[in-house]
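A short write-up of the structure that comes next.
The numbers here are math on the coordinates, done by the rules we state, and not lab data. Since this is a predicted model, take the numbers as computed values, not measurements. Neighbour counts run over all protein chains shown; Cβ positions are idealised from the backbone, glycine included.
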There are 2 protein chains.
Amino acid sequence: MIDVLDIAKNSKESFFQISNAATSEKNNILKSIKLQIIKNIDKIIQANEIDMNAGKSKGLNSAMLDRLLLNDQRIKKIAESIDEIIMLEDPVGEILNIKIRPNGLKVGQMRVPIGSILIIYEARPNVTVDAAALCLKSGNAVILKGGTEAINTNRIFVDIIRQSLIENNFNPHIVSFVDTSDRSKINELLKLDNYIDLVIPRGGENLIRAVVENSRIPVIKHYKGVCHIYIDNEYDKNIVMDIIYNAKVQRPGVCNAMETLLIHKDVATELLPTIKKMYDAAKVELFGCPRVCEILPEINSATEYDWYAEYLDLKLAVKIVDDLDEAIRHIAKYGSQHTEAIITTNYYKAEKFLRAVDSATVIVNASTRFSDGNEFGLGAEIGISTDKLHARGPMGIRELTTLKFIVYGSGQIRK
Amino acid sequence: MIDVLDIAKNSKESFFQISNAATSEKNNILKSIKLQIIKNIDKIIQANEIDMNAGKSKGLNSAMLDRLLLNDQRIKKIAESIDEIIMLEDPVGEILNIKIRPNGLKVGQMRVPIGSILIIYEARPNVTVDAAALCLKSGNAVILKGGTEAINTNRIFVDIIRQSLIENNFNPHIVSFVDTSDRSKINELLKLDNYIDLVIPRGGENLIRAVVENSRIPVIKHYKGVCHIYIDNEYDKNIVMDIIYNAKVQRPGVCNAMETLLIHKDVATELLPTIKKMYDAAKVELFGCPRVCEILPEINSATEYDWYAEYLDLKLAVKIVDDLDEAIRHIAKYGSQHTEAIITTNYYKAEKFLRAVDSATVIVNASTRFSDGNEFGLGAEIGISTDKLHARGPMGIRELTTLKFIVYGSGQIRK
């Protein structure tokens with residue numbers, strides 16, 4: 001029986017050491033982890049085989065089994081991804097916005113780690129290493145709760161990480177592991193707001209809703225991505241087809257793929273037949289509003305369901321709108337505040353779309369697929385947020401820090 | 001019977017208009033509010049008299065009655081405080097950190113309003129106007145739930161504000177009012193995370209704990225301020241007494257007043273008698289650790305309770321520590337992560353304290369009383385946060401905004 005209160009207390013206690021560690025110390029831990037992963041490839045594969053066999057007898061589908069599977073090459077890739085995190089600039093200790101007040105006080109802010117972070121995720125063993133490495137580099141303690149299907153693989157990764165911490169004279173509780181498949185333990189953890197500062201759930205919408213429902217700790221998350229592209233009547237013919245093809249087809253199963261296409265009424269007749277032909281070739285199924293179906297009578301009629309749908313598949317809802325304002329209203333009503341794009345050559349409309357669409361990422365004249373930490377230059381991504389507080393959009397290492405006020409005085413007292 | 005679901009839905013719906021309003025439009029609304037408050041002073045005083053009489057028969061203490069009371073002068077001050085908010089720079093629309101990616105995408109962030117904000121506060125009618133004005137200026141919709149004792153006064157302020165919105169062709173639901181003394185309505189509101197984006201509770205610890213306990217919406221708050229000052233063995237004789245006097249005595253009832261004084265063991269004997277004399281004159285009661293009581297046998301012995309205590313009174317816990325590290329550990333264990341200060345002339349110790357103390361505000365050589373939005377130059381303050389996410393320390397108008405990613409493309413697709 002694991003005691004989650006102990007885990008949370010130990011994690012909190014370990015925070016002081018890692019939060020005050022020098023960049024070189026943190027990088028040394030990361031180097032040890034990389035080395036030990038490479039050294040222990042056979043052991044990791046053995047543990048992973050146990051999970052794979054259990055998964056097969058449990059009847060996991062092939063996509064899930066594929067995400068669970070580790071082999072020599074994949075493990076090496078996981079180890080190498082640590083190098084990228086070693087190379088990231090350490091955000092901790094940065095001082096910003098120092099201003100001198102009339103009384104001579106110098107007031108500014110310092111970037112510091114957040115504390116103990118609970119990461120809840122599904123059966124992707126690479127997240128165990130990625131999340132631990134990002135939290136370590138940013139000076140946070142982390143509690144990992146991965147999918148039960150990967151428990152043996154995760155356990156050995158965490159063992160390696162904790163051994164590396166000990167080797168470098170750090171408290172192993174800096175990286176903790178909730179080694180249980182008992183779901184009630186998650187709910188216990190989510191009440192421990194005295195010890196845990198932040199929860200980041202990663203996975204399907206049901207997992208995330210369950211976490212939000214039960215948590216007394218702040219949660220940063222995104223439920224889903226119902227991403228829109230709006231083609232304005234003033235659009236660039238050279239880019240429109242490439243963008244909407246890329247946004248739908250390049251990787252339809254991810255949260256930044258386009259799910260609804262909005263088209264200005266004045267250009268629908270000229271565009272829709274070409275669009276249909278292009279998507280037919282890619283086996284994309286279309287669901288149209290009545291006006292779209294008039295032009296393309298052979299496609300499916302969209303229902304209210306389709307405007308809210310995150311298909312994650314080669315399906316696309318298509319709607320004709322009267323103008324930019326109707327597009328913005330449609331997005332406000334049906335969108336998930338994840339990522340939306342406009343295709344226009346009109347300066348004012350581009351600026352209006354950027355300002356008025358209330359989503360984590362708003363794009364002019366490019367594919368929604370760019371809404372991603374690496375593509376934005378943040379380095380490794382710890383998740384993506386459609387929340388509005390603290391972090392919005394792709395979250396990199398900086399989003400694992402917080403700013404405190406610092407004040408340099410010389411004897412000032414308040415009058 | 002009020003319907004809080006309606007209030008929340010209307011608030012959310014009104015957000016689009018105010019979030020996209022121009023600075024001049026928002027300032028015009030604020031000017032109307034100011035004008036109407038001045039015009040309606042008599043009506044406000046009449047409403048306030050009803051609250052005052054009810055408060056007296058309910059047996060509210062004199063401090064509470066004083067906070068509730070409005071007169072001609074106080075109402076004019078409330079109206080004038082709107083001018084300060086008019087003069088604040090509009091944070092909305094600011095664009096930051098634009099960087100050009102290798103593929104030519106320009107990726108940056110835009111500062112935008114948060115959404116619908118619920119403010120829960122006690123019987124201070126000035127908060128009604130302050131909070132509404134700050135939320136308006138930052139482009140947010142606001143739902144006000146003030147203390148029941150001020151309900152008549154608040155109602156007339158909100159009427160004035162909504163009339164001013166209507167006069168300026170804005171949706172009156174931008175400023176909503178929970179016109180009830182039924183506490184269960186608050187708990188209903190706190191579940192409406194589909195409509196309300198943020199809760200800011202202001203008031204006593206019990207109020208705030210009840211909000212956190214029941215909320216599914218993110219809450220930004222501080223429970224209390226157990227502020228520490230540490231006097232190092234290398235201290236500046238010219239400033240030490242003024243600072244510790246100011247931090248304790250100038251306004252003992254507020255959250256940034258000092259509650260515990262830590263003194264390096266090597267200077268305790270030379271300092272404590274003078275300290276005692278100074279505080280005796282100001283009627284400050286001392287509670288000492290055993291080593292302090294050896295030097296000052298006539299004072300009270302501190303118990304474990306005292307190290308956690310937020311006295312909000314002319315009382316002070318005093319402890320001798322062996323060194324800076326012990327001071328930091330004491331603060332980590334007993335502090336409330338609000339505001340702490342060190343008095344030292346040693347450069348390394350100053351920097352170490354700033355870095356290692358995990359509080360919202362950390363100060364070198366000045367009074368803890370400076371931990372305040374106005375003193376930090378933020379302009380009007382919407383509250384103070386000891387949370388680590390989104391806002392930490394005094395919260396000004398910028399903390400009522402969020403950053404979304406914006407991307408300027410020219411046809412890029414993801415490879």
Along the Cα→Cβ direction, 7 angstrom out, place labels at A:Leu96 and B:Arg183. What is the inter-label distance in nm? 4.0
Can you tell me the 0 to 90 degree angle between the C-alpha axis of helix B:4-19 and the longest principal axis of chain B, rounded to 10? 80
Calculated FRET efficiency for the pair B:Asn300/B:Asn238, C-beta based, R₀ 25 Å, to 0.05: 0.25
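Take A:Tyr245, A:Tyr279 and order them by how many other Cβ atoms sit within 10 Å, fewest up front.
Details: A:Tyr245 19, A:Tyr279 22.
Ranking A:Tyr245, A:Tyr279 by Cβ neighbours within 10 Å, fewest first, gives A:Tyr245, A:Tyr279.
Arrange the following residues from fewest to most other Cβ atoms within 10 Å of their Cβ: A:Val364, B:Val254. Numbers along the way, then the final one.
Numbers: A:Val364 21, B:Val254 14.
Ascending number of Cβ neighbours within 10 Å: B:Val254, A:Val364.
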Cut-off 13 Å (backbone N to label point 7 Å along Cα→Cβ of B:Ile2), residues of the stretch B:155-173: B:155-159
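Of the listed peptides B:2-8, A:214-220, what is their order by residue-averaged count of other C-beta atoms within 10 Å, with the highest listed first? Show your work: numbers first, answer last.
Working: B:2-8: 17.4, A:214-220: 21.1.
Sorting B:2-8, A:214-220 by mean packing, highest first, produces A:214-220, B:2-8.
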What share of all Cα pairs of the stretch B:4-221, in percent, falls into each consecutive 5 Å distance bin? 1, 7, 14, 18, 19, 15, 12, 6, 3, 2, 1, 1, 0, 0, 0
Under the Karplus relation 6.51 cos²θ - 1.76 cosθ + 1.60, θ = phi - 60°, what is the ordered set of whole-Hz ³J(HN,Hα) values for the stretch B:304-321, x standing for Gly and Pro? 3, 3, 5, 5, 8, 6, 9, 5, 6, 7, 7, 9, 8, 8, 10, 9, 8, 10
Students often get this wrong: which residues of the stretch B:221-238 have the backbone nitrogen under 16 Å from the point 7 angstrom along Cα-to-C-beta of A:Ser410? B:236-238
Check B:Thr386: other-chain or 5+ apart residues with amide H under 5 Å from its amide H, H built from backbone geometry? B:Lys221, B:His222, B:Tyr223, B:Gly393
When a/c is below 1.5 the answer is rounded, else prolate if a/b is larger than b/c, else oblate, so apply that to chain A with a ≥ b ≥ c taken from the square roots of the Cα gyration tensor eigenvalues. oblate
For each of A:Lys34, A:Lys39, count neighbouring Cβ atoms within 10 Å of the residue's Cβ, then give the residues from fewest to most. A:Lys39, A:Lys34
Under the rule rounded for a/c under 1.5, else prolate if a/b exceeds b/c, else oblate, using alpha carbon gyration tensor axes a ≥ b ≥ c, the protein assembly as shown is classed as oblate
For A:Lys39, list the lysines whose Cα falls under 28 Å from its own Cα; do not include residues on the same chain fewer than 8 positions away. A:Lys26, A:Lys31, A:Lys56, A:Lys76, A:Lys77, A:Lys137, A:Lys145
What's the angle, to the nearest 10 degrees (0 to 90), between helix A:151-167's Cα axis and the longest principal axis of chain A? 50
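Partner chain Cβ atoms within 10 Å, averaged over the residues of B:349-359 - can you pull that number for me?
On the way: counts 0, 2, 2, 1, 1, 8, 9, 4, 3, 10, 2.
The per-residue average across the peptide is 4.
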Mind ordering B:332-338, B:196-202 by average Cβ neighbours within 10 Å, highest first? B:196-202, B:332-338
Taking R0 as 56 Å, what FRET efficiency do you get between B:Ser81 and A:Asn374 from their Cβ-Cβ distance, rounded to the nearest 0.05? 0.75
Residue-ordered couplings for the stretch B:337-351, obtained by feeding phi - 60° into the Karplus form 6.51 cos²θ - 1.76 cosθ + 1.60 and rounding to whole Hz (Gly and Pro as x), are 6, 9, 8, 9, 9, 10, 10, 7, 9, 8, 4, 5, 5, 4, 5
State whether the stretch A:227-375 is rounded, prolate or oblate according to the following rule on the C-alpha gyration tensor (a ≥ b ≥ c being the square roots of its eigenvalues): a/c under 1.5 gives rounded; otherwise a/b larger than b/c gives prolate, and the remaining case gives oblate. rounded
Distances in nm, one decimal, shortest first, from A:Thr303 to the same residue in every other copy, taking the label point 7 angstrom along Cα→Cβ. 6.7
Give me D for the stretch A:248-316 in µm² s⁻¹, whole number, from Stokes-Einstein with Rh from the Kirkwood sum over alpha-carbon pairs, 10 °C and 1.306 mPa s. 128
Output wanted: per-residue J couplings in Hz (rounded whole) for the stretch A:269-274, from phi through Karplus 6.51 cos²θ - 1.76 cosθ + 1.60, θ = phi - 60°, x for Gly and Pro. 5, 6, 8, 4, x, 5
Angle between chain B longest axis and helix B:23-39 axis [Cα atoms, degrees, rounded to 10]: 80
For B:Phe177, the residues 5 or more places away or on another chain with a placed amide H closer than 5 Å to its own amide H are B:Leu144
